[in-house]
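Chemist: Mind having a look at this structure? Questions to follow.
All of the numbers you see were taken from the coordinates with simple rules; none came from a lab. Since the structure is predicted, the reported quantities are computational estimates derived from the model, not experimental observations. Ideal geometry is used to build each Cβ from the backbone, glycine not excepted, and the neighbour counts take in all protein chains shown.
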Amino acid sequence: MGCTAQDVIAALRAGAATVAEHRDELIGLDRAIGDADHGENMDRGFRAVVAKVDTAAPETPGAVLKLCATVLISTVGGASGPLYGTAFLRAAAAVGDETDLDGAAVAKAIKAGLDGVVARGKAVAEDKTMVDALIPAVEAAKNAAESGEGPAKVLAAAADAAHQGAQATEPLVARKGRASYLGERSAGHIDPGARSTALLLTAFAEAAGARS
C-alpha cells in the first residue's frame, strides 16, 4: 500500500501531536546544552504546518512536503527551522510529482532529507546533532526498501534506528551548534535535535502503520 498526499498529511498531524506531547522534554534537553527553545519552536512550527495543510489542500506527497518545509522555515526559530525546512524541501524534490509513494520512494526522501541537513548545517557523524539520528535512519530505511517493504515498515525501521542514534549522542562532545560552546560539558546529554528527529520518524511510522 502506497503513501498518498493524504497519508503524508496524516503523518504530519501525528508528528505535530508527538512534538506537542514531548514539548517539555525537548525544552529540557535543549536547556541542558542549548538555549531551551527547541521544544517550543518545534511545537509552534508543526502547529503552523497542520493549520496550513488544512487550508492549502496540496495534491501530491511532494507538494505536502514542500508546504511543510516553507512553513517550518518561516515559523521555527533558531537552527531548527532552516535545518528541518531544508530536510523537507529536499525530500519534496526527491519524490517529485509522484502521487503514490512506495517504500523505495520513502527511503529516497529520507536520504534526501539527510543530504539537505548536511548541506545546510555542515555536520557529520558524531558531531552530536540531528545528523546522528538521520544517518542510521537512512541506512535502515534503505535496507528495508531493498527488502521490498512498504512505506510503513520502511519508516518503522528508520524510526528504530533514529532512536538508537539519538541515544548514542548522550556521551558525545558536541562539535556543532550552540552545544559546542560547552565543550566537554556537553557530554552526558542527548542532543535535542536528534531526539526530535527520532520522535517525528516514529510518529510518521505509526501513522503509516495505522492505515496499512
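Chemist: For each of 206, 149, count neighbouring Cβ atoms within 10 Å of the residue's Cβ, then give the residues from fewest to most.
Modeler: Taking fewest neighbouring Cβ atoms as first place, the list is 206, 149.
Chemist: By how many nm would the segment from residue 74 to residue 98 lengthen if fully extended, with 0.36 nm per residue of separation less the alpha-carbon distance?
Modeler: 6.1 nm
Chemist: Please arrange 73, 9, 110 by how many other C-beta atoms lie within 10 Å of their C-beta, fewest to most.
Modeler: Neighbour counts put them in this order, fewest first: 73, 9, 110.
Chemist: Averaging over every viewing direction, what projected area does the convex hull of the Cα atoms of the chain cover, in nm²?
Modeler: Its Cα hull, projected and averaged over all orientations, spans 9.6 nm².
Chemist: Residue-wise, which Karplus ³J(HN,Hα) couplings in Hz belong to region 76-86, taking 6.51 cos²θ - 1.76 cosθ + 1.60, θ = phi - 60°, and x for glycine or proline?
Modeler: Taking θ as phi minus 60°, the curve returns 9, x, x, 7, 5, x, x, 6, 5, x, 5 Hz for region 76-86.
Chemist: Given R₀ = 41 Å, FRET efficiency for residue 59-residue 20 by Cβ-Cβ distance, to 0.05?
Modeler: Numbers: r = 27 Å, r/R0 = 0.66.
Between residue 59 and residue 20 the formula returns 0.95.
Chemist: Next question. Just to be sure I understand the model, the point goes 7 Å from the Cα along the line to the Cβ. What's the resulting residue 32 to residue 187 distance in nm?
Modeler: Taking the simple label geometry, residue 32 and residue 187 are separated by 1.5 nm.
Chemist: Within region 78-117, what residues put their amide N at less than 16 Å from the label point 7 Å along the Cα-to-Cβ vector of residue 178?
Modeler: Backbone N within reach: 78-84.
Chemist: Which is the longest part of the chain that has none of the trypsin sites (Lys or Arg not before Pro) sitting in a DSSP loop with at most 16 other Cβ atoms within 10 Å?
Modeler: With a cap of 16 other Cβ atoms within 10 Å, the longest stretch comes to 1-121.
Chemist: Need the list of lysines near residue 52 for cross-linking: C-alpha distance under 24 angstrom, and skip anything on the same chain fewer than eight residues off.
Modeler: Cα-Cα hits under 24 Å: 66.
Chemist: At a Cα cut-off below 16 Å, give the lysines reachable from residue 122, other chains included and same-chain residues fewer than 8 away excluded.
Modeler: Excluding near neighbours in sequence, the set is 111, 176.
Chemist: Related question: Normalised by the number of residues in the chain, what is the relative contact order in percent for Cα pairs under 8 Å and 6+ residues apart?
Modeler: 23
Chemist: Neighbouring Cβ atoms within 10 Å as the yardstick, rank 202, 129 fewest first.
Modeler: Listing 202, 129 from fewest to most nearby Cβ atoms yields 202, 129.
Chemist: For residue 101, enumerate residues with amide H under 5 Å from its amide H, sequence gap 5+ or separate chain, H modeled in the peptide plane.
Modeler: Amide H to amide H, under 5 Å and 5 or more residues apart or across chains, residue 101 pairs with 3, 4.
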